[in-house]
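Shown next, in structure tokens, is the structure this report addresses.
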Ligand SMILES: Cc1ncc(COP(=O)(O)O)c(C=O)c1O
């Protein structure tokens, strides 16, 4: 066994966990949050303890707009931002208000598994659209929409979970154009967009533009501080057309509970104003780059026949282990024996509808794939995890 690894939630402390999708404890800036909270509470405005303005405080939305522009994330406007309690809650609201039970949501073949869980909660029918190396195919989307209407197109356009890939600009535009032609709203889940640590396009940009900035009135971009600051703060935002944001603001949940997380927004606003968030994000990107490079180097050394593409941002590498059925019990047992966890590709598989409109079985080709997270462990932990993974794979192959 390698060194003792500290994990949360009481998991086996000797197991290296490459399956989770959250930042490691050393990337969660407790001092930043404490300093911001101290400043907010030192001269506490009682208004902050009141129900919040439905779309979020105007001052916070202005600060967020400036922050995003400063990070190279493109220009928006406070009136196009709506504060939420994270991207998950944003998706929940969008489904509740813009889709009815039984309607279809179109997704990529491998996509964020917990968005799929949310669609199921909302009694929506999920259907996967075929893609190629650049992501979802506009022609396949068009064909699916000609066959039957859909309420939503769900995309993870930047540094996706689980694949780590970013839709090229031309592909984004083509997909949004198809959705707009069919009058389908696009929910673009962009929680990793600000984590870019290497150029993502020919212009050298590290932060892909939001899909909502494409100019189409069809797109709602979802973002949050979960992957750039802290998931526990539960703060996010939707960027999109003012009419849709007004509709969200007039929903029962907002009318009853007021704007979401006004106190936390004030705290994050303080971290923006002091420059602390910007400095943290720079450090985070550097840490992600270093960990990504360590994971890539370890995989190349220990598992030379594993197939993957290095990524330019996000938290994940999407890995193919030829000849290994990652979710089969013998594989799981070998991984347990060697003390390493990875997320099997089948977890993220959405089904393609068959000709009768039912779900076709999960594609067997996804069985050899796995998602590895490089945000949670340090470079040393990642190297240890890959050594354990390689030992398990070689044992399985005899
Ligand atoms: C693609 C994607 N969307 C949303 C979330 C959750 O976001 P939030 O914490 O803002 O609800 C995650 C977290 O893993 C994610 O990977």
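Data overview
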quantity	calculated
Solution diffusion estimate, µm²/s, Stokes-Einstein, the range 210-254, Kirkwood Rh from C-alpha pairs, 20 °C, viscosity 1.002 mPa s	183
Residue-averaged 222 nm ellipticity for the chain, from DSSP H runs of 4+ at -39500 (n - 2.57), nearest 500	-12000 deg cm²/dmol
FRET efficiency for residue 283 and residue 336, using Cβ-Cβ distance with R0 set to 35 Å, rounded to 0.05	0.55
Stokes-Einstein D for the range 1-159, Kirkwood Rh over Cα pairs, 20 °C, 1.002 mPa s (µm²/s)	108
Relative contact order [Cα under 8 Å, 6+ residues apart], the chain, whole percent	24
Extension gain from residue 49 to residue 274, taking 0.36 nm per residue of separation minus the Cα-Cα distance	78.8 nm
Normalised convex hull volume, the chain, alpha-carbon set, Å³ per residue	139
Most mobile of 194, 317, 299 in a GNM of the chain (Cα contacts under 10 Å)	299
Contact order relative to length of the range 30-119, as percent, for alpha carbon pairs under 8 angstrom and 6 or more apart	20
GNM result for the chain, Cα springs below 10 Å: residue of 269, 236, 252 fluctuating most strongly	252
Three principal axis lengths of the range 226-369 [C-alpha, angstrom, descending]	52, 48, 28
GNM top mover of 150, 271, 77 - the chain, alpha-carbon springs below 10 Å	77
Convex hull per residue volume in Å³, alpha carbons only, for the range 74-254	112
Relative contact order (%) - the range 141-226, alpha-carbon pairs under 8 angstrom, separation at least six	31
Extent along principal axes [Cα atoms of the range 23-91; Å; largest to smallest]	34, 30, 25
Using a Förster distance of 30 Å, the FRET efficiency for residue 35-residue 98 (Cβ separation, nearest 0.05)	0.20
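Bear in mind these aren't lab numbers, they're just calculated from the coordinates by the rules spelled out. This is a predicted model, so every value here is computed, not measured. Every residue, glycine as well, gets a Cβ built from its backbone with ideal geometry; the counts of neighbours run over all protein chains shown.
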